[in-house]
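**Student:** Mind looking over this structure? Questions follow.
The values are calculated or read from the model by the stated rules, or taken from the named source; none is laboratory data. Quick caveat: nothing in here was measured; it's all calculated off a predicted structure. Glycine gets a Cβ as well: all are built from the backbone with ideal geometry, and neighbour counts include every protein chain shown. Areas reflect the complete protein model, heavy atoms only, side chains present, ligands, DNA and RNA absent. Shrake-Rupley method; radii C 1.70, N 1.55, O 1.52, S 1.80 Å.
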Amino acid sequence: MINVIIVLVIASVAVAAFLSSKKHFSGDGGCCGGGGKTIAEEKTLEGAKLGEKRLVIEGMTCENCQNHVQNSLNRLDGVAAKVSLKKKTAVVSFSREVSDDELKKAVEGAGYSVVSIQEVK
């Protein structure tokens, strides 16, 4: 009898783990902050573009992470960002001078790390 109970408990845990994994890998899970998917905010610059910077970002693992970083950068005044999960980069266009520290704080505030920042020429 005890063996049947143990098998049922193990089977229940295995089914719960499978369903949770399936939800996570299909993009419906609460990865990176929980609560479902983050929608990427598209933003265009209001003024003339003064330049571009490319940030290499560490820690993004899914589309939700990508959108979270993009939204954090786009909240900065005079900044429009496009983030690539595949390349682990963000290309940031700006219509005002933006310091590397300001960009780094936005990404780190979202929970990720900036490996490097380079001017795009």
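**Student:** Identify all residues within the range 55-75 that are part of a strand (DSSP E or B) and surrounded by 20 or more Cβ atoms within 10 Å (Cβ to Cβ); write none if there are none. If you could, list the steps in order and put the result at the bottom.
**Tutor:** Initial filter on the range 55-75 (part of a strand (DSSP E or B)): 55-58.
Listed by number, the residues that qualify are LEU55, ILE57.
**Student:** If a residue has to be free of Cβ contacts under 8 Å to residues at least 40 places away in the same chain and among the β-branched types (Val, Ile, Thr) to count, how many in the range 61-81 make the cut?
**Tutor:** The initial filter retains those residues of the range 61-81 that are free of Cβ contacts under 8 Å to residues at least 40 places away in the same chain, namely 61-64, 66-67, 70-81.
Still in the list and also among the β-branched types (Val, Ile, Thr): 61, 79.
Going through the range 61-81 one residue at a time, the tally reaches 2.
To keep it simple, each residue is scored yes or no on (1) in contact with a Pro (Cβ under 9 Å, 6 or more places away or on another chain); (2) of a type in the set (Val, Ile, Thr); (3) in a helix (DSSP H, G or I); (4) more than 16 Å from VAL120 (Cβ to Cβ).
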{"site": "LYS53", "(1), (2), (3), (4)": "no, no, no, no"}
{"site": "ASP77", "(1), (2), (3), (4)": "no, no, no, yes"}
{"site": "ALA81", "(1), (2), (3), (4)": "no, no, no, no"}
{"site": "LYS87", "(1), (2), (3), (4)": "no, no, no, no"}
{"site": "VAL98", "(1), (2), (3), (4)": "no, yes, no, no"}
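**Student:** Can you name every residue in the range 95-116 that is surrounded by fewer than 18 Cβ atoms within 10 Å (Cβ to Cβ) and of a type outside the set (Gly, Ala, Ser)? Working first, answer last.
**Tutor:** The initial filter retains those residues of the range 95-116 that are surrounded by fewer than 18 Cβ atoms within 10 Å (Cβ to Cβ), namely 95-97, 99-102, 104-105, 108-109, 111, 113, 115-116.
The answer is ARG96, GLU97, ASP100, ASP101, GLU102, LYS104, LYS105, GLU108, VAL115.
**Student:** Right, something else. Counting only residues that are of a type in the set (Gly, Ala, Ser) and open to solvent by less than 30 Å² (accessible area, probe 1.4 Å), how many does the range 83-94 have? Don't jump to the end; show me each part of the working.
**Tutor:** Let us first name the residues in the range 83-94 that are of a type in the set (Gly, Ala, Ser), namely 84, 90, 93.
Next, only the ones that are open to solvent by less than 30 Å² (accessible area, probe 1.4 Å) stay: 90, 93.
Residues in the range 83-94 being of a type in the set (Gly, Ala, Ser) and open to solvent by less than 30 Å² (accessible area, probe 1.4 Å): 2 in total.
**Student:** If we scan the range 85-96, do we find a residue that is within 18 Å of THR38 (Cβ to Cβ), in contact with a helix residue (DSSP H, G or I) (Cβ under 8 Å, 6 or more places away or on another chain) and of a type in the set (A, V, I, L, M)?
**Tutor:** The first filter runs over the range 85-96 and keeps only residues within 18 Å of THR38 (Cβ to Cβ), leaving 85-86, 88, 90.
The next check asks that each one be in contact with a helix residue (DSSP H, G or I) (Cβ under 8 Å, 6 or more places away or on another chain); those that pass are 85, 90.
Applying the additional criterion that residues be of a type in the set (A, V, I, L, M) yields 85, 90.
Yes - at least one qualifying residue is present in the range 85-96.
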